Each structure stands twice: as C-alpha cells, then as structure tokens.
Amino acid sequence: MDIHVGDVLELKKPHPCGSRQWQVLRVGMDFKLRCAGCGHELMLPRSKAEKAVKKIIPREEADT
C-alpha cells in the first residue's frame, strides 16, 4: 500500500467516538494515527493497519 504522512485513512471498523477516519502522522514499521473525530492518537503495526484500511484519501483531496 502507498500510504504517506498527511493522508486520511477510512478504516473498516469505527472508533468508539463514531468516526472511521484517521489522519496519518507517522509511517514506518508502525503507523501513528490520529482520530478525526476525537483526536485520540495511537500506534498501530503496519500489518494490522493495512488490513484495517477500507479507503485511502490522499492529502491533496483531504485538504479541499
């Protein structure tokens, strides 16, 4: 998967706050994500994050 810092990921399962969208803060062996709904941040292993992604919204589209 081609995921970059600043992209917004739509995950298959919602966060307890109800939001499915997460902003990518860090990419590497782990992803650091911030919930678009409540601002909660978490680190997720790359393998687990790639399985959970439903859709990638590139940073250019997320800005507009």
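Where a number appears in this text, it was derived from the coordinates with a stated rule and is not lab data. All figures in this text were calculated on a predicted structure; none of them were measured in a lab. As a convention, Cβ positions derive from the backbone with ideal geometry for all residues, glycine included, and neighbour counts pool all protein chains shown.
State all residues of the range 22-51 that are buried (at least 16 other Cβ atoms within 10 Å of the Cβ), within 16 Å of ASP2 (Cβ to Cβ) and out of contact with any Gly (no Cβ under 7 Å at 6 or more places or on another chain); if no residue qualifies, say none.
Scanning the range 22-51 gives PHE31, ALA49.
Of all residues in the range 1-56, count the ones that are more than 8 Å from the chain's Cα centre (by Cα) and polar (S, T, N, Q).
Total meeting the criteria: 2.
Output the residues belonging to the range 55-64 that are surrounded by 11 or more Cβ atoms within 10 Å (Cβ to Cβ) and charged (D, E, K, R). If you could, list the steps in order and put the result at the bottom.
So in the range 55-64, the residues surrounded by 11 or more Cβ atoms within 10 Å (Cβ to Cβ) come out as 55-59, 62.
Matches in the range 55-64: LYS55, ARG59.
Can you find, within the range 6-41, the residue that is farthest from LYS51 (Cα to Cα) among those that are in a loop (DSSP other than H, G, I, E, B), touching a residue at least 24 places away in the same chain (Cβ under 8 Å) and touching a strand residue (DSSP E or B) at 6+ places or on another chain (Cβ under 6 Å)? Working first, answer last.
Of the residues in the range 6-41, the ones in a loop (DSSP other than H, G, I, E, B) are 6-7, 12-20, 27-29, 36-40.
Of the ones still in play, those that are also touching a residue at least 24 places away in the same chain (Cβ under 8 Å) are 6-7, 12-13, 15, 20, 27, 36, 40.
Cutting the leftovers down to touching a strand residue (DSSP E or B) at 6+ places or on another chain (Cβ under 6 Å) gives us 7, 12, 15, 20, 36.
Working: ASP7: 16, LYS12: 9, HIS15: 16, ARG20: 14, ALA36: 19 Å.
Looking at the filtered set, the residue picked out is ALA36.
Of the conditions (1) of a type in the set (D, E, K, R); (2) part of a helix (DSSP H, G or I); (3) without any contact (Cβ under 8 Å) to a residue 40 or more places away in the chain, GLU50 clears all except one; give me its number.
Looking at each condition in turn, GLU50 falls short on (3).
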